[in-house]
Amino acid sequence: MLFVIFVSTKPKWLDRIIGLPSMYFVHGLLGIGAIILAYVHTLMNLSSGLIKLTGDYALWILIGTAAYSILFLSGWITDRVHWVKLIVRFLELHIFKHETSVWIHRLNLIATIFVFIHVLLISYIMQINSFAIIFYLYSFITFLSYSCFLVSKYWRFSKANVIEIRNIGGNMAQMILEFSKIKISRLKQYQPGDYVFISFPNLEKMKEMHPFSFVDFDFKNRRIVLAIRGDGDFSRQVSKIEIGEKVLIDGPYGTLNKQIIEQTNAKQPLIMLAGGTGVVPLISLVLEYTQKREIYFIWTVSREDQLVYREMLLQLSKNQKNFHYFESIHRLNSEKLLNILKTPILENSYYLLSGSNIMMLGYKTLLRKCGIHSKNVYYEKFSF
């Protein structure tokens, strides 16, 4: 549980190695593992009094928050069972707002404190000096890290202002943020394909951080362009935000650009499969690599009015011989994919997927059926 708490602080050095989605996967897996071990522990070791009480409190809090988080803060079930996803979305809209979910998840901290007290009360355990030293030191380092994380918004978060916001169709709003206070070293960390967490500290119900990918990043003018679809309780309010509103930005995060840089064959074509708003991070990659790599870009949407960047991508395909743009209403299947791209291209390219978790899982299966090895397919799974 201490490591679970440490991972929740989103250490950037670890994000650039394995990616934030993988970190959250480890976070969830270890949390569930801790619950299973704790439950087995209660069956094998009898206790009484305050020792039993603190242990039981911790276990029930962990079970409750884990069950809630699996449904509301993870895509483990909702990405695979459609009717569960519909129920969860209804509850999120009317009862369990994102901010509420975040605070419920933080009850894990209370559970961990109960575990800490639980161990302290077991005298014969704490008499083992080597264990006691490690126990105190590990606990202190973890809680110090988390405390620094909580107050770090005063130096870790970049500050910006909203300078433009407009509806671009398909329930999408494009928002341009201009940094008012940011270090040059932080600016240099931004890479195409990245995403940031943003919050609006002066607006009610918009004070918790939410992740969004950026369409473009202007280093010279210190600006970032976001495209946000109004699906959730946070994103639906974005279009109502006034010009000049203050924004806190945590980031950047992401590993999409890292995957391209680390490719052993720099001449290998890139095939980018975007679904809906998943087009956003891929556009920033296209702007970076269209003169350096052969890119085949396929954008799938459920309705034509969602092709909000169609004109820009079509113009880019006319101006850049290395960039080939295709679009499809509704999901791809093997027949559609083979009609768009020739088999030699499909078999000798590197794939980047971006979209909903359900879409990316589906396309990964589709590519496997088309004979594409999983080592040539990469995506970041967003379940925050």
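Scan the range 322-340 and give yes if some residue there is basic (K, R) and in contact with a Leu (Cβ under 8 Å, 6 or more places away or on another chain), otherwise no. Reasoning before the result, please.
To start, the set of residues in the range 322-340 that are basic (K, R) comprises 331, 336.
After this cut, where a residue has to be in contact with a Leu (Cβ under 8 Å, 6 or more places away or on another chain) as well, the list is none.
Checked against the condition, which is being basic (K, R) and in contact with a Leu (Cβ under 8 Å, 6 or more places away or on another chain), the range 322-340 yields no hits at all.
Looking at this structure, is L59 among the aliphatic types (A, V, I, L, M), buried (at least 17 other Cβ atoms within 10 Å of the Cβ) and free of Cβ contacts under 8 Å to residues at least 60 places away in the same chain?
Details: among the aliphatic types (A, V, I, L, M): yes; buried (at least 17 other Cβ atoms within 10 Å of the Cβ): yes; free of Cβ contacts under 8 Å to residues at least 60 places away in the same chain: yes.
Against the criterion (among the aliphatic types (A, V, I, L, M), buried (at least 17 other Cβ atoms within 10 Å of the Cβ) and free of Cβ contacts under 8 Å to residues at least 60 places away in the same chain), L59 qualifies.
Consider the range 129-167. How many of its residues are in contact (Cβ under 8 Å) with a residue 24 or more places away in the chain and either surrounded by fewer than 12 Cβ atoms within 10 Å (Cβ to Cβ) or polar (S, T, N, Q) (or both)?
6
With at pLDDT 90 or above, among the aliphatic types (A, V, I, L, M) and crowded, with 17+ Cβ neighbours inside 10 Å as the only criterion, which of V247, V238 stands out?
Working: V238 fails: at pLDDT 90 or above.
When all the criteria are applied, what remains is V247.
Please count how many residues of the range 250-271 are open to solvent by less than 20 Å² (accessible area, probe 1.4 Å) and either closer than 21 Å to I224 by Cβ or not aliphatic (A, V, I, L, M) (or both). I'd like the intermediate steps shown before the answer.
Taking the range 250-271 as the starting set, the residues that turn out to be open to solvent by less than 20 Å² (accessible area, probe 1.4 Å) are 250-257, 260, 270-271.
Still in the list and also either closer than 21 Å to I224 by Cβ or not aliphatic (A, V, I, L, M) (or both): 250-257, 260.
The number of residues fulfilling the criteria is 9.
I'd like to know if the range 218-229 contains one or more residues that are within 26 Å of S101 (Cβ to Cβ), touching a residue at least 40 places away in the same chain (Cβ under 8 Å), touching a strand residue (DSSP E or B) at 6+ places or on another chain (Cβ under 8 Å) and open to solvent by 40 Å² or more (accessible area, probe 1.4 Å).
Checking the range 218-229: at least one residue is within 26 Å of S101 (Cβ to Cβ), touching a residue at least 40 places away in the same chain (Cβ under 8 Å), touching a strand residue (DSSP E or B) at 6+ places or on another chain (Cβ under 8 Å) and open to solvent by 40 Å² or more (accessible area, probe 1.4 Å).
May I ask you to say which residue of L37, L46, L50 is surrounded by fewer than 14 Cβ atoms within 10 Å (Cβ to Cβ) and assigned to a loop (DSSP other than H, G, I, E, B)? Before the answer, list the steps.
On the way: L37 fails: assigned to a loop (DSSP other than H, G, I, E, B); L50 fails: assigned to a loop (DSSP other than H, G, I, E, B).
None of the others qualify; the one that does is L46.
Within the range 170-193, track down each residue that is out of contact with any helix residue (DSSP H, G or I) (no Cβ under 7 Å at 6 or more places or on another chain) and within 19 Å of K258 (Cβ to Cβ).
S185, R186, L187, K188, Q189, Y190
Helices (runs of 4 or more DSSP H) wholly in the range 317-384 with at least 1 residues that are in contact with a strand residue (DSSP E or B) (Cβ under 8 Å, 6 or more places away or on another chain) and among the hydroxyl-bearing types (S, T, Y) - which ones?
Details: elements: 334-340, 343-347, 357-369.
It comes to 357-369.
For the range 37-59, which positions are over 37 Å from the mean Cα position of the chain (by Cα) and either of a type in the set (K, R) or closer than 26 Å to H105 by Cα (or both)? Quick ask: steps written out before the conclusion?
Of the range 37-59, the ones over 37 Å from the mean Cα position of the chain (by Cα) are 44-52.
Hits for the range 37-59 are L50, I51, K52.
When Q189 is evaluated against the numbered criteria (1) more than 15 Å from the chain's Cα centre (by Cα); (2) of a type outside the set (S, T, Y); (3) under 25 Å from D305 (Cβ atoms), which criterion, by number, is the only one it fails?
(3)
Could you check the range 288-313 and list, in sequence order, the residues that are open to solvent by 40 Å² or more (accessible area, probe 1.4 Å) and either closer than 20 Å to L226 by Cα or assigned to a loop (DSSP other than H, G, I, E, B) (or both)? Show your work before the answer.
Step one: filter the range 288-313 for residues open to solvent by 40 Å² or more (accessible area, probe 1.4 Å), giving 288, 291-292, 294, 302-305, 310-312.
If the condition is that a residue be open to solvent by 40 Å² or more (accessible area, probe 1.4 Å) and either closer than 20 Å to L226 by Cα or assigned to a loop (DSSP other than H, G, I, E, B) (or both), then E288, Q291, K292, E294, S302, R303, D305, R310, E311, M312 are the ones that fit.
Which of the residues spanning the range 15-32 are open to solvent by 30 Å² or more (accessible area, probe 1.4 Å) and either aromatic (F, W, Y) or closer than 21 Å to Y138 by Cα (or both)? Walk me through it before giving the result.
Within the range 15-32, the subset open to solvent by 30 Å² or more (accessible area, probe 1.4 Å) is 16-18, 22, 24-26, 29-30, 32.
The answer is Y24, F25, V26, L29, L30, I32.
Among (1) open to solvent by 70 Å² or more (accessible area, probe 1.4 Å); (2) under 26 Å from the mean Cα position of the chain (by Cα); (3) modelled with pLDDT under 85; (4) of a type outside the set (S, T, N, Q), where does L332 come up short?
Unmet for L332, out of (1) open to solvent by 70 Å² or more (accessible area, probe 1.4 Å); (2) under 26 Å from the mean Cα position of the chain (by Cα); (3) modelled with pLDDT under 85; (4) of a type outside the set (S, T, N, Q): (1).
Tell me, which helices (runs of 4 or more DSSP H) lie completely within the range 91-168 with 2 or more residues that are within 24 Å of K52 (Cα to Cα) and not hydrophobic (A, V, I, L, M, F, W, C)?
Values: elements: 98-105, 107-120, 123-126, 129-151.
The qualifying helices (runs of 4 or more DSSP H) are 107-120, 123-126, 129-151.
The values are calculated or read from the model by the stated rules, or taken from the named source; none is laboratory data. Everything numeric here is computed off the predicted structure, so don't read it as measured data. Here the Cβ is made from the backbone with ideal geometry for all residues, glycine too, and neighbour counts use every protein chain on show. Heavy atoms of the whole protein, side chains included, go into the accessibility calculation; ligands, DNA and RNA do not. Shrake-Rupley method; radii C 1.70, N 1.55, O 1.52, S 1.80 Å.
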